[in-house]
Amino acid sequence: REGSSTPSLWREVRAAARATGHADVFPDADGQTIIDDHTPFLRAGIPAVDLIDWSYPGHDLGDTQDKLSRRSIDAVGETLIELVRRIDRGALRDVAGPA
């Protein structure tokens, strides 16, 4: 979990990942806090998580589509579809704003 991501929403992401068999992609550990595309949502009081692959060695202008991991894209996609389904069913626990 990126350090500023909303803990309660991160728990829900992890629950969705477990349901889809991708728990290993969303570990129960805290990483450093970074300013990224989720930051404006947090500043506006909207729960948000930063989905970031901490094992990736670095980002630069050479990051092209051929560098994407099919496994990571599949795991994130299936997990987020499950999360949206849970939201649609009203199955999420209380997801409060930023902690």
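The values are calculated or read from the model by the stated rules, or taken from the named source; none is laboratory data. Computed from a predicted structure; not experimentally measured. For neighbour counting, all protein chains shown are included, and Cβ atoms are generated from backbone atoms with ideal geometry for every residue, glycine included. All accessible areas refer to the heavy atoms of the entire protein, side chains included, with ligands and DNA or RNA removed. Shrake-Rupley method; radii C 1.70, N 1.55, O 1.52, S 1.80 Å.
Here are the numbers for this structure:
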| quantity | calculated |
| --- | --- |
| Top-ranked residue of the range 11-54 - restricted to ones that are of a type in the set (Phe, Trp, Tyr) and modelled with pLDDT under 95, ranked as least open to solvent (accessible area, probe 1.4 Å) | Phe26 |
| In the range 55-92, residue modelled with the highest pLDDT [restricted to those that are outside any helix (DSSP H, G or I) and open to solvent by 90 Å² or more (accessible area, probe 1.4 Å)] | Leu68 |
| Selection from the range 20-39 of residues that are free of Cβ contacts under 8 Å to residues at least 60 places away in the same chain, of a type in the set (Val, Ile, Thr) and within 16 Å of Leu80 (Cβ to Cβ) | Val25 |
| Where Val95 falls short, out of the listed (1) at pLDDT 90 or above; (2) in a loop (DSSP other than H, G, I, E, B); (3) open to solvent by less than 100 Å² (accessible area, probe 1.4 Å); (4) touching an Asp or Glu at 6+ places or on another chain (Cβ under 8 Å) | (1) |
